[in-house]
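The values are calculated or read from the model by the stated rules, or taken from the named source; none is laboratory data. A quick note: this is a predicted structure, and the numbers were derived from the prediction, not measured. Cβ placement follows ideal geometry from the backbone for every residue including glycine, while neighbour counts extend to all protein chains displayed. Accessible surface areas use protein heavy atoms only, side chains included; no ligands, DNA or RNA. Shrake-Rupley method; radii C 1.70, N 1.55, O 1.52, S 1.80 Å.
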Amino acid sequence: MTMNEHPLVARAHRLAHEVLAPSAERVDQEGLPASHLDAIRRSGLLGVSAPEAYGGWAAPAAVARRTAEILAGACCSTWFVQTQHHTPVAALTGCEGPVREQLLGPLARGELLSGVAYAHLRSYPRTPVRVTREGDGWRFDGTVPWYTGWGLNDVMLLAGVTEGGEVVFAFTEAREQPGLRASEPMRLAALTASRTVSLELDGLWLPADAVALRKPYEEWADTDRAKTVETSPAVIGITEAALTLLDEETAGPLRTRLSEIRGGAYDLADRSAADEHLAERLTLRIRAAELMRTATTAAVVAGGGRSLSLAGPAQRLAREALFLLVQGQTAQSRGAHLEALVAHAS
Ligand SMILES: Cc1cc2nc3c(=O)[nH]c(=O)nc-3n(C[C@H](O)[C@H](O)[C@H](O)COP(=O)(O)OP(=O)(O)OC[C@H]3O[C@@H](n4cnc5c(N)ncnc54)[C@H](O)[C@@H]3O)c2cc1C
């Protein structure tokens, strides 16, 4: 079976055409309806990479990337809320604790939707979320600056760091509870629909059984580094969507560049170990981001004044592109991107 023949690719296309794309501008302005996420839950896409034994599809990485491109190109807010789920699925797949048996099946089958709160780990040795041993469990204190899907997802995978430099990832219900308070959903230049909040943790206690991962920070960071140099399929999806708003004379050359960057980035991701080719992968990530900026800007230019209408796709895609420039950003990727921008301007 080729990647494009995979049933999940067909389902993603159907969802995109019938549900997501037709209401993307309304969702962008009014918020993500639960019905969109119900459709995602029913589609099987939440289990794209989950083990078959737990009801998932264990699909190749190419299928996971293609379905993400399709969803993001149709409605970036929906893509973003559901993409959080795939990190908890991967964490459970790799863990042996009781939480795997409790949650992997429901997450793989889409019965439960998970969010994630861990990007703050990347500011180590700053520890916005501190974890301490307390009884037969762990106590979490501090601030999670970004948590997406509040009020939309059921559980969250929360991470912090101990004084001894160990990362601890544990699951809890995604609702207010003793020791956990959420801000109001943030009003943002893009993705306001994703219900992103910050979380205040003041002695949130989670039992040892809720822990999915514990390891020294450096060991975790070694595998995380690969993630933050990868080209996001969402960047490709937004670029593809912007190209559909252009005439062929403008879109053609950009499409050729997109196909070259996409092929290069995915090929490198598939054949590299976590610590290999990091600089080349980051270069391709930045080239993909710049092409997305060009394509979304071209879509605005091509549409003229009408592009500024909130009812039209060009301005939405341009704002979603702004968001993707900082998603998963690290000090290193930010520095490299700024250097590339300066080099391009001179
Ligand atoms: C709308 C939105 C929704 C998001 N949703 C989620 C979510 O659901 N879950 C989640 O985990 N994340 C989420 N994020 C986080 C997102 O991935 C981060 O924006 C991205 O990682 C950049 O982080 P930042 O802007 O918070 O970090 P910044 O504070 O700008 O830091 C960027 C990097 O600089 C370095 N750094 C910063 N300050 C210091 C310092 N004082 N000392 C040393 N190094 C430092 C760190 O390496 C850090 O990673 C969301 C972000 C946005 C904008």
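Side notes on the structure shown:
- Scanning the range 213-249 for residues that are more than 20 Å from the chain's Cα centre (by Cα), within 22 Å of Ser272 (Cβ to Cβ) and open to solvent by 90 Å² or more (accessible area, probe 1.4 Å) returns Glu218, Glu219.
- Selected residue (criterion: farthest from the chain's Cα centre (by Cα)) from residues of the range 250-292 that are hydroxyl-bearing (Ser, Thr, Tyr) and part of a helix (DSSP H, G or I): Thr250
- Leading residue by the ranking (nearest to Pro145 (Cα to Cα)) among those in the range 300-317 that are of a type in the set (A, V, I, L, M, F, W, C) and touching a residue at least 40 places away in the same chain (Cβ under 8 Å): Leu317
- Some residue of the range 145-156 being modelled with pLDDT of 95 or more and more than 15 Å from the ligand (Cβ to nearest atom): no
- Here Pro207 clears all of (1) open to solvent by 50 Å² or more (accessible area, probe 1.4 Å); (2) more than 19 Å from the chain's Cα centre (by Cα); (3) more than 30 Å from Gln177 (Cα to Cα) except the condition numbered (3).
- When every residue of the range 253-261 is checked against the conditions, none turns out to be surrounded by 17 or more Cβ atoms within 10 Å (Cβ to Cβ), over 21 Å from Pro128 (Cα atoms) and within 15 Å of the ligand (Cβ to nearest atom).
- Going through (1) in a helix (DSSP H, G or I); (2) closer than 23 Å to Trp146 by Cβ one by one, Gly115 falls short only on (1).
- Residues located in the range 80-100, provided they are part of a helix (DSSP H, G or I), within 12 Å of the ligand (Cβ to nearest atom) and touching a residue at least 60 places away in the same chain (Cβ under 8 Å): Phe80, Val81, Thr83, Thr87, Pro88
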